[in-house]
């Protein structure tokens with residue numbers, strides 16, 4: 001099985017197990033997702049969704065956040081961790097959106113990457129989930145599972161993983177594929193003690209195969 005064939009088979013199987021692929025961050029529009037993704041760094045989506053409710057009560061739109069003192073933003077987002085840097089980035093990003101883009105989040109990847117605090121993960125999530133364009137979000141689940149399964153070969157840098165996956169993942173499948181990797185990474189293929197015995201990919205997964213080999217040798 002070539003890596004391209006494996007990728008298509010992984011997509012097929014994950015579709016069957018996780019038919020409803022979607023982002024677990026709550027949002028109503030692009031700027032809310034942009035803020036949520038920044039808050040999600042080293043924080044659970046569940047906590048981010050709670051904190052976002054409090055943030056939106058105080059600052060309901062881009063203009064309000066752009067005008068807010070970063071310390072007031074920090075006071076609300078502190079439960080997500082890294083409150084000072086996250087508040088600083090959110091404030092700077094909203095100021096740019098308000099001043100240069102009339103409160104609208106750009107629908108171009110390269111333009112998104114110029115916004116304060118916006119990296120490739122955030123930009124690709126916006127492109128895929130909000131604007132419905134092909135996007136590969138290389139978060140920790142995507143990187144871990146892609147390496148374990150054998151879709152990439154010991155590549156840990158997000159940008160390099162993204163480039164490698166673009167070569168084997170059909171563009172129309174890319175966004176949902178990444179969401180399904182997150183679902184599978186949380187339910188089965190955890191960072192520690194992955195449950196290979198209940199994995200739908202076990203017979204084609206490089207990591208599961210190595211585990212079987214080690215058991216046989218012991």
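Can you tell me the relative contact order of the range 148-218? Whole percent, Cα pairs under 8 Å, sequence separation 6 or more. Mind showing how you got there, number by number?
Details: 30 pairs, mean separation 26.1, N = 71.
37 percent.
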Original post:
Once you have the alpha carbon radius of gyration of the range 66-190, what is it after dividing by 2.2 N^0.38 Å, with N set to its residue count?
Top reply: 1.19
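Highest first, please rank the peptides 124-131, 77-84 by the mean number of other Cβ atoms sitting within 10 Å of their residues. Walk me through the intermediate numbers first.
On the way: 124-131: 21.5, 77-84: 16.9.
Those peptides, ordered most packed to least, come out 124-131, 77-84.
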Original post:
In deg cm²/dmol and to the nearest 500, what is the mean residue ellipticity at 222 nm of the chain if only DSSP H runs of at least 4 residues count, each as -39500 (n - 2.57), divided by the residue total?
Top reply: -17500 deg cm²/dmol
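If packing is taken as the mean number of other Cβ atoms within 10 Å per residue, what is the order of 188-194, 105-111, highest first? Don't skip to the answer; put the middle values down first.
Values: 188-194: 13.3, 105-111: 15.0.
The packing order, highest mean first, is 105-111, 188-194.
What do the square roots of 5 times the Cα gyration tensor eigenvalues come to for the range 1-59, in whole Å, largest first, as semi-axes of the equivalent ellipsoid?
Details: eigenvalues 225, 26, 20 Å².
Each semi-axis is √(5λ); the values are 34, 11, 10 Å.
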Subject >> Pairwise Cα inverse-distance average, inverted: Kirkwood Rh of the range 30-130 (Å) >> reply: 13.2 Å
Subject >> Rg ratio (alpha-carbon, reference 2.2 N^0.38 Å) - the range 54-110 >> reply: 1.12
Original post:
What ranking, highest mean first, results for peptides 26-35, 152-161 when packing means the other Cβ atoms within 10 Å averaged over each residue?
Top reply: 26-35, 152-161
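How high is the relative contact order of the range 1-121? Use alpha-carbon pairs under 8 Å, at least six apart in sequence, and give a whole percent. Before the final figure, lay out each step's value.
Numbers: 110 pairs, mean separation 25.6, N = 121.
Across the range 1-121, relative contact order equals 21 percent.
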Original post:
On the first, second and third principal axes, largest extent first, how far apart are the outermost C-alpha atoms of the chain in Å?
Top reply: 62, 31, 28
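Counting only C-alpha contacts under 8 Å and six or more residues apart, can you give the relative contact order of the chain as a whole percent?
Details: 253 pairs, mean separation 46.1, N = 218.
This gives 21 percent for the chain.
Just so you know, all these numbers are worked out from the coordinates, no wet-lab data involved. Everything numeric in this text was worked out from a predicted model, so none of it was measured. Glycine gets a Cβ as well: all are built from the backbone with ideal geometry, and neighbour counts include every protein chain shown.
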